[in-house]
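**Student:** Could you have a look at this structure, given as structure tokens, before my questions?
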Amino acid sequence: MNAAACRLTVWLLALAAGTAWASPLALVEAGRISGVAQGDVEKFLGIPYAAPPVGALRWRAPQSVPHWSGVLKATHFGHDCMQTPYPSDAAPLGVKPAEDCLVLNVWRSAGAKAGDRLPVLVWIYGGGNVNGGASPEVYSGESFARHGVMFVSFNYRVGRFGYFAFPQLTREDRDHGLLANYGYMDAIAAMRWVQHNIAALGGDPGQVTIYGQSAGAGQVYMLLTSPLADGLFSRAIIQSGAGFDRPSFQASSSNPLSIEMAGVNFAKRWGIEGTGPEALEHLRALRAGQVTDGLHIGTMAAQASTFVGPVRDGNVYPNSLLLDNFASGHHAKVALLLGSTAGDNYRMSAGTLDEAYAGFGAASERARAAYSRDAPTDPQALIREIGRDRNYREPNRYVARKMTEQGLAAYVYRFNYVVTPMREQWKEGPLHATDIPFSMNTVRAKYGNSLTASDLAMANMVHHYWVNFVRTGNPNGPGLPEWPAYDAKDDVLLDFATTGIPKAIADPRRDRLDAVAAATGRE
């Protein structure tokens, strides 16, 4: 057989087998895209969902994607959004950040096609609203795709690119009311892209679950309560979403605590005076690195006068306090899965236990009694526990109670499992964000070859609970310990326990959380 005949034979055999190296194709609203086939998974990376937010579009609501001709190669991640990387980030960026970053990524089962109506999961990364991106390997959607779930991730603007106000911006956008929360607007634009395009890739726009952690969970809270996100999803997952009542600033020039003050302060930082068109033009002419100006999770406190993060603008983000929306029923009526890790970040200004208990007001003695039982002997460790209860556990419980009062399903978890290689270091339990590699089943990408069979088994179980929830709105399935829907009467949650076996238990912190609820008027 000559060389040409050999090449023809190989080509025919590959065609018959569904060639592993052929690029998958799809047609979305803005044009044709080609992706990457890798075994039983296909992926399309770096798909624009909005116009690049650069030049005159810096600090503007996301604009429509221009149509392209030919076939766009969606084979590599686009830039993560511009930021100063955080040295201790649990999920370091995989690509260089830049302003031109409004892209998304799709993983699907190999051979999926338009009309297949696969359930869709949309991931929203955390990072304190100043860091994060969709490119880290630990955020890969491959495992979800292998289990029949279409996985979408997207970039949203962070830091001063994502959350910024200035008097001239307010004047320009007064008629539209889309001010300050550009990172939140990006999330809504990405979700609208999913609704308009996911069917062309084989997904079901009627079965979309949003899934966020930390600041990404804050995005989920926003999507649950924003009228602009109505109808964009049908289920939600909140991992370590801090439920304290933020954002606390209004985007109004009449408010002395306005985010506009931070914008004016930032302009002065670069010698830009005034608040009119010329000043805004100078701000838009700043280099991207000047806008970032060293801002990241570790420097936020030091830069508080020039950056305050998301604001209650009355349009994208309702003016009412976050948890009040769940009490009033002003939220999406969807099934919810939510929880936190044992060692989550905490937010407490108290330096002593007396100061911490004083923060409970009239419920301080009740709090003392509740926390005196089975409490850490180290006062600082107990203060951290109080912070976790106030910032995560009790707000999670409150949201679950309000959802179930309205006849909606809610499933609550607490993640206590510490991966084997970190057991000597994480004495207070798994840290903030360490449940992500388990829910995504990417523990190997995070911890390499130091994992045990118990670690891998726990990751497989957590992941399958999440897969089942995306498919049906119920995390339960064959081979998994039963996870009861939340009921306020029993206060049962699923404990991803240190033993490696998930178990449904009555919340052992119930008395503590009742004291928090009493202190905050949520009892």
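Values quoted throughout were computed directly from the atomic coordinates according to the rules given, and no laboratory measurement underlies them. Since the model is a prediction, treat every value here as computed from it, not as a measurement. Cβ sites come from the backbone with ideal geometry, for glycine too, and all protein chains shown count toward neighbours.
**Student:** Going by how many other Cβ atoms sit within 10 Å of their own, how do 330, 296 line up, fewest first? Display every interim value, and only then the final one.
**Tutor:** Working: 330 14, 296 21.
Starting with the residue having the fewest Cβ neighbours, the order is 330, 296.
**Student:** Counting only DSSP beta bridges with both residues in the chain, what percent are antiparallel, rounded to the nearest 5? Each step should come with its number before you reach the end.
**Tutor:** Numbers: 22 of 58 bridges.
Once the DSSP bridges in the chain are tallied, antiparallel ones form about 40 percent.
**Student:** Name the residue from 258, 383, 290 whose Cα lies farthest towards the positive end of the charge dipole of the chain, charges +1 on Cβ of Lys and Arg and -1 on Cβ of Asp and Glu.
**Tutor:** Going by the Cα projections, it comes out as 290.
**Student:** Determine the distance separating the Cα centre of segment 374-417 from the Cα centre of segment 456-470; give it in Å without decimals.
**Tutor:** 21
**Student:** Of the chymotrypsin sites (Phe, Trp or Tyr not before Pro) in segment 394-430, which ones lie in a loop per DSSP and count no more than 12 other C-beta atoms within 10 Å?
**Tutor:** Nothing satisfies the criteria.
**Student:** So what is the relative contact order for segment 349-523, in percent, with contacts set as C-alpha pairs under 8 Å and at least six apart?
**Tutor:** Dividing the mean separation by the residue count of segment 349-523 yields 27 percent.
**Student:** Sticking with this structure for a sec: Would you mind getting me the FRET efficiency between residue 381 and residue 69? Use the beta-carbon distance for r and R0 = 60 Å, nearest 0.05. Walk me through the numbers before you get to the answer.
**Tutor:** Details: r = 61 Å, r/R0 = 1.01.
The calculated FRET efficiency here is 0.50.
**Student:** Which trypsin sites (Lys or Arg not before Pro) in segment 264-302 pass both tests, a DSSP loop state and at most 10 other beta-carbon atoms within 10 Å? Display every interim value, and only then the final one.
**Tutor:** On the way: sites: 268, 269, 284, 287; in loops: 287.
Those satisfying the criteria are 287.
**Student:** Students often get this wrong, so try it: which of [x] 72, 22, 20; [y] 45, 27, 24; [z] 37, 32, 21 is semi-axes √(5λ) of the Cα gyration tensor in Å as calculated from the structure shown?
**Tutor:** Here the calculated entry is [z].
**Student:** As a footprinting exposure proxy, order 336, 280, 27, 228 by other Cβ within 10 Å, with the fewest listed first. Kindly include the intermediate steps, with their values, before the conclusion.
**Tutor:** On the way: 336 26, 280 22, 27 13, 228 17.
Listed from fewest to most nearby Cβ atoms, that is 27, 228, 280, 336.
**Student:** Under the classification rounded if a/c is under 1.5, otherwise prolate if a/b is larger than b/c and oblate if not, where does segment 349-523 fall, given a ≥ b ≥ c as square roots of the Cα gyration tensor eigenvalues? Display every interim value, and only then the final one.
**Tutor:** Values: a/c = 2.52, a/b = 1.35, b/c = 1.88.
Taking the square roots of the gyration eigenvalues as a ≥ b ≥ c, segment 349-523 is oblate.
**Student:** Okay, moving on. How much mean residue ellipticity at 222 nm does the chain get from its helices, if each DSSP H run of length 4 or more adds -39500 (n - 2.57) and you divide by all residues, to the nearest 500 deg cm²/dmol?
**Tutor:** Details: 18 runs with 166 residues, N = 523.
Theoretical 222 nm ellipticity from helices: -9000 deg cm²/dmol.
**Student:** Something else now. Rounded to the nearest 5, what is the percent of antiparallel bridges among the DSSP beta bridges in segment 22-332? Please report the intermediate quantities before stating the final value.
**Tutor:** On the way: 18 of 39 bridges.
Percentage antiparallel, nearest 5: 45.
**Student:** Out of segment 256-292, which GluC sites (Glu not before Pro) are coil in DSSP terms and have no more than 15 other C-beta atoms within 10 Å?
**Tutor:** Qualifying residues, ordered by number: 273.
**Student:** Using Cβ contacts closer than 10 Å as the measure, can you line up 64, 240 from fewest to most? Write out the running numbers ahead of the final one.
**Tutor:** Values: 64 11, 240 28.
Fewest-to-most Cβ neighbours within 10 Å comes out as 64, 240.
**Student:** Also: Which lysines, if any, have their Cα less than 23 Å from the Cα of residue 427, not counting same-chain residues under 8 positions apart?
**Tutor:** Answer for residue 427, where 23 Å is the Cα cut-off: 446, 503, listed by chain and number.
**Student:** Quick one: compute the contact order of segment 22-332, relative version, from alpha carbon pairs under 8 angstrom and 6+ residues apart, as a percent.
**Tutor:** Numbers: 688 pairs, mean separation 60.2, N = 311.
It rounds to 19 percent for segment 22-332.
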